[in-house]
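Reading through the structure tokens given below for one structure.
The values are calculated or read from the model by the stated rules, or taken from the named source; none is laboratory data. Values in this document were obtained by computation on a predicted structure and should not be read as measured data. All Cβ positions, even for glycine, are placed from backbone atoms using ideal geometry, and neighbour counts span all protein chains on display. In case anyone asks, the SASA skips ligands and DNA or RNA and just uses the protein heavy atoms, side chains included. Shrake-Rupley method; radii C 1.70, N 1.55, O 1.52, S 1.80 Å.
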Amino acid sequence: MRRQSALAAAVTIFCSGCGQADGAALAARVEIRGDAIPTSLTGEAGRVADGQAEFVSREGGHCVLCHRIEGLQAEFQGNVGPDLTGVGARLTEGQIRLRIVDAQRIWPDTVMPSYYRTGGLRQVGREYEGQPALTARQIEDLVAYLSSQGN
Ligand code: HEC
């Protein structure tokens, strides 16, 4: 039993104020395992329809600025980031969650914003300092929407 918990500790990072030195704190205590955040930030499942709206809306995530999804109704869809058609079949829910929460953790030089960081942010206006770009609930809705793609 002891052995098992030591192993769990080795692969689990509780990331609260992690990277504080460079100001890269996350908005809340989040458990990162490998390249994923396995559990919902809100403790609840997100809503697919709301996630789709977040993905498109300027006031929401506005993910279409850089990503496209085949068949999605949107005025504009960008190609700076990878095409996310069928992404739910390529990545687990937890992998998608970490990519939205803190893309810079995976790709340090990425242009994709880290949506659940409160510090060390690039390309974020002053009005967002000290608060994450998206709420936990918005992120869970996006996770639900993207996970439904290709499944
Ligand atoms: C400014 C451009 C930009 C915006 C805005 C953006 N992304 Fe990204 N995204 C990227 C890039 C670029 C990558 C690939 C990582 C890299 O190489 O830098 C990526 C990667 C991803 C991936 C991983 C895809 C894969 O196949 O590995 C997911 C999932 C993702 N983005 C979701 C989102 C969501 C959800 C939003 C909106 C909340 C969003 N992105 C907003 C640029 C962006």
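Structure notes:
- Filtered residue count, segment 77-100, keeping only those that are crowded, with 18+ Cβ neighbours inside 10 Å, near the ligand (Cβ under 8 Å from one of its atoms) and not in a helix (DSSP H, G or I): 2
- The residues in segment 52-67 that are more than 9 Å from the ligand (Cβ to nearest atom), of a type outside the set (A, V, I, L, M, F, W, C) and over 15 Å from Ser148 (Cα atoms) can be counted, and the count is 3.
- In segment 76-91, the residues that are more than 17 Å from His62 (Cβ to Cβ) reach residues that are among the basic types (Lys, Arg) and within 6 Å of the ligand (Cβ to nearest atom) with C-beta atoms within less than 8 angstrom, at least six apart or across chains, in these pairs: Leu91/Arg99.
- Count of segment 27-59 residues which are surrounded by 17 or more Cβ atoms within 10 Å (Cβ to Cβ), at pLDDT below 95 and not β-branched (Val, Ile, Thr): 1
- Boolean, Ala74 is within 15 Å of the ligand (Cβ to nearest atom), of a type outside the set (Asp, Glu) and under 18 Å from Arg117 (Cβ atoms): no
- Selection status of Gln149, at pLDDT 95 or above, farther than 20 Å from Ala25 by Cβ, open to solvent by 20 Å² or more (accessible area, probe 1.4 Å) and more than 8 Å from the ligand (Cβ to nearest atom): yes
- Extreme residue, most open to solvent (accessible area, probe 1.4 Å), among residues of segment 60-69 that are in contact with a Leu (Cβ under 9 Å, 6 or more places away or on another chain) and assigned to a loop (DSSP other than H, G, I, E, B): Arg68
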